Every structure is written in structure tokens, then in C-alpha cells.
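Quick note: the coordinates plus some simple rules give every number you see, no bench work behind them. This one's a predicted model, so the numbers in the text were calculated from it and none came from an experiment. Neighbour counts are summed over all protein chains in view; Cβ atoms, including those assigned to glycine, are modelled from backbone coordinates with ideal geometry.
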Amino acid sequence: MTKELPSGVDFHFDIMCPYAYQTSLWIREVRDATGLDIRWRFFSLEEINRAEGKKHPWEREWSYGWSMMRIGAALRRQDMGLLDRWYAAAGSALHVDGRKPHRPEVAEAILSELGLDPSIVADAIADPTTGDEVRNEHELVVSKGGFGVPTLIFDDGQALFGPVLVNPPKGDEAVRLWEHVTGWLEFPNVYELQRPKSPSDVDAIVTAFSAYLDARDWFTIERPTP
């Protein structure tokens with residue numbers, strides 16, 4: 001008997017993360033094929049990777065991924081679809097086109113390109129409750145043992161990190177991967193299955209992330225899986 005697939009999922013992301021962006025392309029394919037309800041949620045790599053003694057992202061006037069997600073929170077209050085469009089556009093700007101959406105003027109330009117009011121950027125940053133939303137969702141993932149993105153949280157409360165991929169599958173292949181990923185929910189004591197990366201795999205990842213690597217204005221921290 002075929003197991004019924006989940007009808008919805010909370011997809012936690014940081015716009016700055018190239019892996020989360022790749023996975024977001026895949027899960028959009030799943031949505032197109034199955035009608036999956038994607039509930040976009042936040043997680044801060046700046047906070048989880050913060051060095052001791054450095055300011056929290058919410059203590060800074062502008063903080064790359066954190067501020068981008070605050071803009072997303074303001075949009076989501078109007079309509080989840082606006083956040084969906086914002087993540088797709090800002091993610092493509094950074095990870096495909098090599099633009100810098102983490103700079104306020106570029107964030108404003110992207111909103112204009114979406115037919116939205118660029119003043120949303122300043123309004124979102126002036127409203128402290130947008131930061132509260134991002135922080136609350138970040139802390140929810142951390143409370144479940146989460147450490148990065150993409151993290152998927154399902155309606156039964158289970159959380160999975162990943163899938164971590166590049167060149168995401170499309171169409172029927174995307175759905176098959178979704179079936180494999182959600183199959184893990186049957187086995188709550190299975191914690192990790194990982195494919196080692198060969199030198200050629202690393203080269204492929206660098207190629208896939210080349211636009212992001214050129215556009216980033218920060219040093220990327222690679223944390224080992226706990």
C-alpha cells in the first residue's frame with residue numbers, strides 16, 4: 001500500500017544559504033507536482049555561527065541574512081505568497097545572478113522588480129516585531145536540535161535537516177526524492193545518512209555556487225554536523 005505523503009511542511013531557510021536555495025528549487029518542483037503546502041519559515045546562520053563576543057544579528061542596524069528575513073516577515077504578514085515570491089527573486093538574484101540582495105539598495109530594487117513598494121525595506125527594519133518573528137522561528141529549530149538550513153518541520157513535529165543537494169531534480173524525479181525524504185519519518189531513530197564528497201563533487205559544488213561566492217560580502221563558516 002502506498003503511504004500518503006505529507007500535505008504540508010515548514011521550510012526553514014536563510015536567504016544567504018546556497019544549499020537552502022538549491023533545496024527550495026526542488027521543493028517548489030514538488031509543490032508544482034503534488035500541491036504541497038510550503039510554509040516558508042526562518043533560521044539565522046548569522047546567529048547560529050556567531051563568534052563569542054560578537055553582536056547578535058538583532059543588535060545590528062543591518063545584518064545581511066537577518067535583515068533580509070525581516071523583510072520577508074513583513075511580506076508574509078500580508079500573504080505567504082509574497083514571501084514565496086520574495087525568496088524566489090532574492091535567492092535567484094544572489095545565487096544565480098551574483099547580485100547583492102543583502103544590501104538595502106538592492107533589496108529595494110528587487111521589491112520594485114516584483115511590483116512591490118521598495119519602502120517595505122525601511123518599514124520592516126523599523127518594526128522590531130519583524131525581528132521577533134525571525135528569532136522565534138530560529139529558536140524553534142534550535143530547540144529541536146537544529147543547526148542549519150534547510151530544515152523541514154512536519155505537522156507531526158518531526159524535523160529533518162536537508163536534503164542537501166545541488167542541481168536539484170525536477171518533475172517526477174523531484175517527487176521521488178520527496179517520497180524518499182518523507183520515508184524517514186517512519187524511522188525516528190535514524191539520524192544520519194551521508195554521501196562522502198569526492199574531489200569532483202566539491203568541484204561541482206563550487207561551480208554551482210560560483211555566483212554566490214562572487215557576490216557574498218562575508219566569510220562562510222562550515223560547521224560540522226553535531
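Quick rundown of the values:
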{"item": "Relative contact order of the chain, defined on C-alpha pairs under 8 angstrom at six or more residues apart (%)", "result": "30"}
{"item": "For region 57-180: relative contact order, % (alpha-carbon pairs under 8 angstrom, 6 or more apart)", "result": "20"}
{"item": "Positive dipole terminus of region 122-226, leading residue within S210, G157, P199 (C-beta point charges)", "result": "P199"}
{"item": "Rounded D (µm²/s) - the chain, Kirkwood Rh over Cα pairs, Stokes-Einstein at 10 °C, 1.306 mPa s", "result": "87"}
{"item": "GluC sites (Glu not before Pro) restricted to region 5-64 and DSSP loop, no more than 15 other C-beta within 10 Å", "result": "E52, E61"}
{"item": "Amide proton proximity set for R41, modelled H, under 5 Å, gap of 5+", "result": "F11, H12, F13"}
{"item": "Candidates per trypsin sites (Lys or Arg not before Pro) in region 52-124, loop by DSSP, up to 15 other Cβ within 10 Å", "result": "K54, K55, R60"}
{"item": "Given charges at beta-carbon only (K, R positive; D, E negative), |dipole| of region 1-139 in Debye", "result": "260"}
{"item": "Filtered trypsin sites (Lys or Arg not before Pro), region 139-194: DSSP coil and at most 15 other beta carbons within 10 Å", "result": "K144, K170"}
